[in-house]
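The values are calculated or read from the model by the stated rules, or taken from the named source; none is laboratory data. Computed from a predicted model, the values in this text were never measured in an experiment. With ideal geometry, Cβ positions are generated from the backbone for all residues, glycine too; neighbour counts draw on all protein chains shown.
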């Protein structure tokens, strides 16, 4: 393994987004993940508004929506 500025452990949604943001900022990023992809592992039931903004910032929101993800428009807890 080579050295870099940032090591991100875990290549799920949070780790991948973190690595992409560091790389976009000019850091040399190493991302390590134990699992093989693609894998069936739901990593969340919905995206918060902040999560959607991060996808927009990464330039992948449209691709995520085209994959079948639906935006949560509201939530009622009773």
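Evaluation of residue 62 against the conditions (1) farther than 24 Å from residue 6 by Cβ; (2) at pLDDT below 85; (3) not in a loop (DSSP other than H, G, I, E, B) shows that the sole unmet condition is (2). Taking every residue in the range 62-74 that is on the phi < 0 side of the Ramachandran plot and pairing it with any residue that is modelled with pLDDT of 75 or more and assigned to a helix (DSSP H, G or I), at least 6 positions away or on another chain, the pairs with Cβ-Cβ distances below 8 Å are 64/55; 71/52; 71/65.
Would you please name the residue that is surrounded by the fewest Cβ atoms within 10 Å (Cβ to Cβ), looking only at residues in the range 26-59 that are in contact with a helix residue (DSSP H, G or I) (Cβ under 7 Å, 6 or more places away or on another chain) and assigned to a helix (DSSP H, G or I)? Restricting to residues being in contact with a helix residue (DSSP H, G or I) (Cβ under 7 Å, 6 or more places away or on another chain) and assigned to a helix (DSSP H, G or I), the top hit is 58. Listed conditions (1) at pLDDT below 85; (2) surrounded by 10 or more Cβ atoms within 10 Å (Cβ to Cβ) are all met by residue 23, apart from (1). Taken over the range 65-78, the residue count meeting the criterion of being in a loop (DSSP other than H, G, I, E, B) and surrounded by 10 or more Cβ atoms within 10 Å (Cβ to Cβ) is 3.
Of 70, 53, 36, all but one fail to be out of contact with any strand residue (DSSP E or B) (no Cβ under 8 Å at 6 or more places or on another chain) and at pLDDT below 80; the exception is 70.
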